[in-house]
Amino acid sequence: MSFSTELSGASTIAIVGAGQAGGEVATLLRQNRFEGAIVLLGEEPHLPYLRPPLSKTYLAGEIGADALIYKAAVAYEKANVDVRLGVRVEEIDRNATRLVFEGGGSLNYDKLVIATGGRARELSVPGADLGNIFSIRKISDVEALRPHLEAGRRLVIVGGGYVGLEVAAVAIKRGLDVTVLEGAPRVLARVTAPELSKFYERVHREAGVDIRTGVSVTGFTAGPDGVSVGAVQSGGESIAADFVVIGIGLVPNTELAERAGLLVDGGIVVDDVCLASDPDIYAIGDCTTHASHGFLRRKIRLESVPNALEQARIVAAAITGRPSPAVAAPWFWSDQYDLKLQMVGLSDGYEQVVIRGSTDSSSFIAFYLKEGLVIAADAVNRLSEFMAAKRLVGERMAVPADQLADEAVPMKALIAAAAG
Ligand SMILES: Cc1cc2nc3c(=O)[nH]c(=O)nc-3n(C[C@H](O)[C@H](O)[C@H](O)COP(=O)(O)OP(=O)(O)OC[C@H]3O[C@@H](n4cnc5c(N)ncnc54)[C@H](O)[C@@H]3O)c2cc1C
């Protein structure tokens with residue numbers, strides 16, 4: 001058993017932000033036999049919970065709030081983690097190695113882990129502060145939104161990214177009248193290839209969603225029985241809505257770090273072991289920018305559960321003097337209707353896209369190739385082949401395009417040939 005030389009049983013590790021990243025690192029530190037105090041501070045009233053279902057099964061009412069909880073209270077009790085909820089950290093005093101809480105109170109730390117995540121990006125147009133305009137980041141957001149999900153009501157969703165499309169899928173199934181407004185020429189434009197965007201646009205349109213791309217929303221006005229969304233689409237048009245959901249991405253919560261003088265560039269800048277620009281402060285999860293991501297080897301900020309958990313493992317190892325776990329290719333998922341989309345790697349800069357299966361069906365994989373290597377894959381309803389795709393991407397394997405496309409050649413055989 002090896003401990004970081006500076007830490008003893010009398011040391012305190014403070015974690016700011018009780019999301020999945022914060023909750024994970026808290027218990028992992030104990031698993032790694034850190035013997036000092038672990039204090040997890042979160043401003044929300046909940047134990048760390050899973051956000052992905054907020055726009056999926058939880059929004060649909062298929063699961064209750066209990067099912068969102070990441071680890072039961074007993075897990076923190078067993079690990080002797082001092083969980084303090086409803087506490088917002090206002091300031092990091094780096095000279096005194098002390099946290100100052102909003103409304104009074106403070107805590108001295110020996111090591112600090114910042115895991116403050118992010119908040120929903122607001123649309124800065126006139127009327128964006130009207131009632132009946134929602135976003136989804138927290139349980140309380142969904143609680144406010146859910147009563148509006150009634151058949152026949154008119155919902156306009158601003159943003160055709162994952163969250164917007166997931167909300168559209170839930171709402172149309174409930175019998176609402178759903179319009180999605182996307183500024184880019186296609187949905188999911190930031191994250192996937194045109195083939196996938198086309199596929200999802202078709203699926204949503206067939207389900208009855210009115211998807212409009214290349215539309216910039218210019219403002220909202222209050223109508224007698226709802227909200228009017230002013231949307232500019234080749235000339236200008238206004239759409240009537242009973243309520244609106246804005247899904248245009250996330251703003252990382254970096255202000256606390258910025259005020260403390262830590263290096264921030266989009267997110268809190270961290271190195272290979274998630275150390276920020278202070279030898280006693282680490283940062284993990286959506287609030288971070290990797291100076292050079294361990295797999296991608298470039299500066300990037302990732303927003304995903306796998307990234308948050310991986311960074312938690314890395315920090316727990318770093319603080320307790322253990323070898324750093326290997327960094328995997330980033331991956332992500334999205335559930336819409338009965339389609340499970342799983343993505344691995346980043347496809348930007350690809351030279352060729354190869355489809356295994358057909359985008360006319362509801363089961364296929366898109367592989368992205370660059371210089372002959374598989375750099376990313378998007379799998380729709382191909383759970384076992386996705387595992388193989390992760391390996392192809394993770395090991396940057398070279399596979400000829402015609403073989404990737406040929407469903408008669410099992411993925412296992414492709415891997416064996418590429419590895420051999
Ligand atoms: C609707 C939705 C759907 C998603 N779907 C997927 C998906 O399908 N797959 C996937 O991989 N990812 C998905 N994500 C992203 C994923 O949920 C995030 O990547 C993940 O939650 C990041 O965890 P985190 O702990 O870094 O941050 P967060 O979960 O944001 O947690 C940070 C916590 O810190 C608290 N905090 C902030 N500042 C302070 C402060 N000063 N003092 C005290 N507490 C503070 C915040 O209130 C928050 O509770 C989704 C996210 C949303 C919102």
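The table for this structure:
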{"quantity": "Output for region 1-43, where each listed residue is under 16 Å from Ala72 (Cα atoms), in contact with a Leu (Cβ under 8 Å, 6 or more places away or on another chain) and part of a loop (DSSP other than H, G, I, E, B)", "calculated": "Ala18"}
{"quantity": "Positions within region 147-173 being in contact (Cβ under 8 Å) with a residue 60 or more places away in the chain, open to solvent by 30 Å² or more (accessible area, probe 1.4 Å) and more than 19 Å from Pro52 (Cβ to Cβ), in sequence order", "calculated": "His148, Arg153, Arg154"}
{"quantity": "Members of region 174-190 that are surrounded by fewer than 24 Cβ atoms within 10 Å (Cβ to Cβ) and β-branched (Val, Ile, Thr)", "calculated": "Thr179"}
{"quantity": "Flag if Glu166 is closer than 20 Å to Lys340 by Cβ, within 23 Å of the chain's Cα centre (by Cα) and within 16 Å of the ligand (Cβ to nearest atom)", "calculated": "yes"}
{"quantity": "Check on Asp129, of a type in the set (Asp, Glu), at pLDDT 95 or above and open to solvent by 30 Å² or more (accessible area, probe 1.4 Å)", "calculated": "no"}
{"quantity": "Residue pairs meeting the criteria (Cβ under 7 Å; at least 6 apart or on separate chains; first surrounded by fewer than 21 Cβ atoms within 10 Å (Cβ to Cβ), in region 13-38; second among the hydroxyl-bearing types (Ser, Thr, Tyr) and assigned to a loop (DSSP other than H, G, I, E, B))", "calculated": "Asn32/Thr320; Arg33/Thr320; Gly36/Ser8; Gly36/Ser11"}
{"quantity": "Checking Phe364 against (1) in contact with a helix residue (DSSP H, G or I) (Cβ under 9 Å, 6 or more places away or on another chain); (2) over 14 Å from Val393 (Cα atoms); (3) open to solvent by 20 Å² or more (accessible area, probe 1.4 Å); (4) not hydroxyl-bearing (Ser, Thr, Tyr), the condition it does not meet", "calculated": "(3)"}
{"quantity": "Which listed residue, of Val344, Val354, is among the hydrophobic types (A, V, I, L, M, F, W, C) and more than 16 Å from the ligand (Cβ to nearest atom)", "calculated": "Val354"}
{"quantity": "Every residue from region 315-363 that is farther than 22 Å from Gln403 by Cα and of a type in the set (S, T, N, Q)", "calculated": "Thr320, Ser324, Ser334, Gln336"}
{"quantity": "Residue within region 191-214 that is of a type in the set (A, V, I, L, M, F, W, C), free of Cβ contacts under 8 Å to residues at least 40 places away in the same chain and either in a loop (DSSP other than H, G, I, E, B) or closer than 30 Å to Asn132 by Cβ (or both) present", "calculated": "no"}
{"quantity": "Residue count for region 294-326, restricted to those that are within 12 Å of the ligand (Cβ to nearest atom), surrounded by fewer than 20 Cβ atoms within 10 Å (Cβ to Cβ) and within 16 Å of Ala26 (Cβ to Cβ)", "calculated": "1"}
{"quantity": "Complete set of residues in region 84-105 that are on the phi < 0 side of the Ramachandran plot, within 12 Å of the ligand (Cβ to nearest atom) and open to solvent by 40 Å² or more (accessible area, probe 1.4 Å)", "calculated": "Arg84, Leu85, Arg88, Glu90, Glu91, Val100, Glu102"}
{"quantity": "Among the candidates Ile281, Ile314, Ile300, residue that is within 27 Å of Pro48 (Cα to Cα) and either in contact with a Leu (Cβ under 7 Å, 6 or more places away or on another chain) or hydroxyl-bearing (Ser, Thr, Tyr) (or both)", "calculated": "Ile281"}
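The values are calculated or read from the model by the stated rules, or taken from the named source; none is laboratory data. All of these numbers come straight from a predicted model, not from anything done at the bench. Please note: Cβ atoms are built from the backbone with ideal geometry, for glycine as well, and neighbour counts cover all protein chains shown. Ligands, DNA and RNA are stripped out before the accessible areas are found, and what is left, the full protein with its side chains, is counted by its heavy atoms. Shrake-Rupley method; radii C 1.70, N 1.55, O 1.52, S 1.80 Å.
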